[in-house]
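Here the structure is laid out as structure tokens; the discussion comes afterwards.
Every number here is computed from the coordinates shown, using simple stated rules; none is lab data. Just so we're clear, the structure is a prediction, and the values are computed from it rather than from any experiment. Here the Cβ is made from the backbone with ideal geometry for all residues, glycine too, and neighbour counts use every protein chain on show.
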Amino acid sequence: MRIVHVAAEFAPIAKAGGLGEVLLGLTRELTKKGLDVETILPKYDFLDLSKVQNLSIEVPHFKCLEHQNAMWSCKYEECQLHLLEARHPAGYFHRGKIYGCEDDAARFIYFSRAVLEYLALQNKPIDVLHLHDWHVALCAPMVRNLFHSLKVKSIILTIHNVEYQGKCAVADLNQIGLNGSFYLTPNLLQDDHPKHPSTINLLKGGLIFSDALVAVSPTYAQEILTPEYGGGLDGTLRKLRSKIVGILNGIDEKSWDPETDPFLPKTYGVESALKGKQRMREVLKLGKRPLIGAITRLVAQKGPELLEEAIEITLKLGGSYILLGSAPHAKLQQHFDQLKKKYQGNPQVLLEFEYHEALSHQLYAALDFLLVPSHYEPCGLTQMIAMRYGTVPIVRATGGLQDTVFDVDDASTIAQKRNGFVFRDKTKESMQHAIARAVRLFVSDPATFQSLIRRGMQSDFSWKRPAAEYIKLYRSKSALDINPIRINVIADRDQRIQSGQ
Ligand code: ADP
Ligand code: GLC
């Protein structure tokens with residue numbers, strides 16, 4: 001079965017957050033299970049290509065509209081990658097970063113079309129074209145309406161975060177050779193917000209034209225159908241609910257393993273966890289108080305105000321607090337910089353604002369508790385990584401956090417499943433209560449605390465089960481014929497419009 005993933009990230013060479021990790025972990029596991037798996041991503045200027053193997057130019061020149069491109073091929077460990085070098089004059093992938101440019105929509109629209117040009121040139125049948133998030137969602141309508149020669153049995157779109165949708169103008173589609181105004185209707189790519197009737201929504205295109213939609217946790221698959229969590233697309237998602245499934249992410253077992261982690265001064269397993277964690281604490285000079293921390297992008301989704309409130313709450317309870325946060329938005333960064341000044345010199349508070357892979361591994365090992373107070377969390381990987389490192393999660397009950405963390409005091413959950421602390425409301429009080437329970441257990445009941453460490457470390461958060469669920473989905477979708485009526489109607493109309501009839 002040939003599966004082609006298309007995405008903006010792939011860890012560790014192009015990682016901004018969980019998306020890149022999913023691409024690595026999922027494609028590695030699918031490959032191990034014997035599937036023919038490839039991933040296509042942009043050849044960003046900042047890629048550390050010393051990390052990849054067998055890098056070679058695969059197609060030296062191919063056109064996307066009037067622009068030249070090249071496709072590179074390489075391996076990252078087991079995973080087969082294709083890196084698209086866009087020689088577009090706007091230097092789309094020469095910006096030193098993955099996202100955060102004014103023309104992000106144009107960059108990824110171009111990437112989407114160039115990927116399809118390459119696949120058409122290859123002319124090899126594809127069982128599943130697997131798309132991830134808004135960046136490449138436009139591939140779905142383009143495959144069905146424009147690239148008729150492409151032999152794609154089925155298109156699957158994984159929704160990692162429905163809040164990000166790639167909203168843009170009709171002109172952005174025109175630029176890429178599509179007839180933008182054709183797509184500007186409620187049943188195609190027109191944004192669902194009544195105040196944005198002339199806005200194109202790329203994610204919506206992916207939702208409508210894909211054969212199956214995967215939300216990254218079962219709870220998130222339900223949440224996105226509601227106005228609170230659907231990012232304005234809940235109406236469309238409710239109409240499409242029969243093709244939505246929830247598959248909980250895993251974590252890449254090789255990248256996140258305290259027994260082999262090269263970033264740790266002393267690696268450890270279940271039996272040696274206390275010693276290994278203690279050693280990490282000594283190296284980082286973190287003391288012996290209960291240590292609560294968070295490792296996160298600092299964006300509204302992650303509950304930044306709760307991450308801030310947690311500092312005083314922790315101090316009052318006699319603990320220490322660490323935040324490793326990366327803020328993509330200047331305003332929030334400035335706010336947290338002020339906070340850093342306020343706590344300068346306080347040995348119980350450490351605030352680090354950068355993206356630091358090595359330090360993140362060390363903190364997962366050093367912490368007693370990982371706090372994840374997200375307003376919404378499609379899946380969340382940090383709570384699973386924490387448990388693998390023997391760190392007990394304290395989370396808000398939403399999305400994948402709700403599916404992976406079960407409260408120690410929740411009598412409705414079987415005792416062997418309970419692995420952390422959960423709070424429901426997005427309030428300081430609700431979080432405070434959970435943190436207080438956690439610290440109390442740490443101080444007064446070390447035996448139970450240690451059994452939580454053990455339980456977390458022994459849980460299976462690997463990609464084995466999720467990959468098996470994806471394979472089941474691939475099989476069920478690629479065995480079916482594409483819905484010929486829907487596709488042909490749209491294709492005919494589009495072809496007529498494209499040729500000006
Ligand atoms: P999201 O993708 O929404 O940011 P996830 O929990 O799925 O959330 O994944 C976050 C990933 O990014 C984890 O691997 C986490 O360790 C990593 N991460 C987040 N912030 C930082 C940071 N400041 N430094 C290093 N790694 C970080
Ligand atoms: C998104 C979500 C996060 C999820 C990740 C990987 O970044 O915010 O919850 O874990 O994608 O699916």
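Quick look at the values:
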{"quantity": "Zone of Lys63's modelled label, taken as backbone nitrogen in region 94-128 under 20 Å from a point 7 Å along Cα→Cβ", "calculated": "110-123"}
{"quantity": "Rounded FRET efficiency, nearest 0.05, which uses the C-beta distance separating Gln416 from Thr267 and R0 of 41 Å", "calculated": "0.95"}
{"quantity": "Residues of type lysines that Lys341 reaches as a straight line, Cα spacing below 17 Å, ignoring anything fewer than 8 places off in the same chain", "calculated": "Lys331"}
{"quantity": "Distant-in-sequence amide H partners of Val372 (H built 1.01 Å from N, under 5 Å)", "calculated": "Ile394, Val395, Arg396"}
{"quantity": "Whole-number percent relative contact order across the chain, with pairs defined as alpha carbons under 8 Å at least 6 apart", "calculated": "13"}
{"quantity": "Potential extension, Gln338-Glu259 segment - 0.36 nm per residue separation minus Cα distance", "calculated": "24.7 nm"}
{"quantity": "Relative contact order computed over region 272-408 (Cα-Cα under 8 Å; 6+ residues apart), in percent", "calculated": "26"}
{"quantity": "Region 131-196 shape via C-alpha gyration tensor axes, a/c threshold 1.5", "calculated": "oblate"}
{"quantity": "Relative frequency of Cα-Cα separations exceeding 36 Å in the chain, percent", "calculated": "32"}
{"quantity": "Entries of Lys51/Lys75; Lys15/Lys75; Lys151/Lys477; Lys51/Lys464; Lys124/Lys153 with Cα pairs more than 19 Å apart", "calculated": "Lys51/Lys464"}
{"quantity": "Distance from region 198-259 to region 289-340 (C-alpha centre basis), Å", "calculated": "28"}
{"quantity": "Degrees between helix 18-32 axis and first principal axis of the chain (Cα, 0 to 90, nearest 10)", "calculated": "80"}
{"quantity": "Part-to-part distance (alpha-carbon centres) for region 358-372 and region 53-125, which is given in Å", "calculated": "35"}
{"quantity": "Value at 222 nm in deg cm²/dmol, rounded to 500, when DSSP H runs of n ≥ 4 in the chain each add -39,500 (n - 2.57)", "calculated": "-11500 deg cm²/dmol"}
{"quantity": "Nearest-ten-degree value, helix 273-283 long axis tilted from longest Cα axis of the chain", "calculated": "90"}
{"quantity": "Nearest 10 degrees, 0 to 90: helix 464-478 Cα axis against the chain principal axis", "calculated": "20"}
{"quantity": "Three-way shape call for region 48-184 based on the alpha-carbon gyration tensor, with the a/c threshold at 1.5", "calculated": "rounded"}
{"quantity": "Label-point separation in nm, Asp45 to Lys32, each point 7 Å along Cα→Cβ", "calculated": "3.7"}
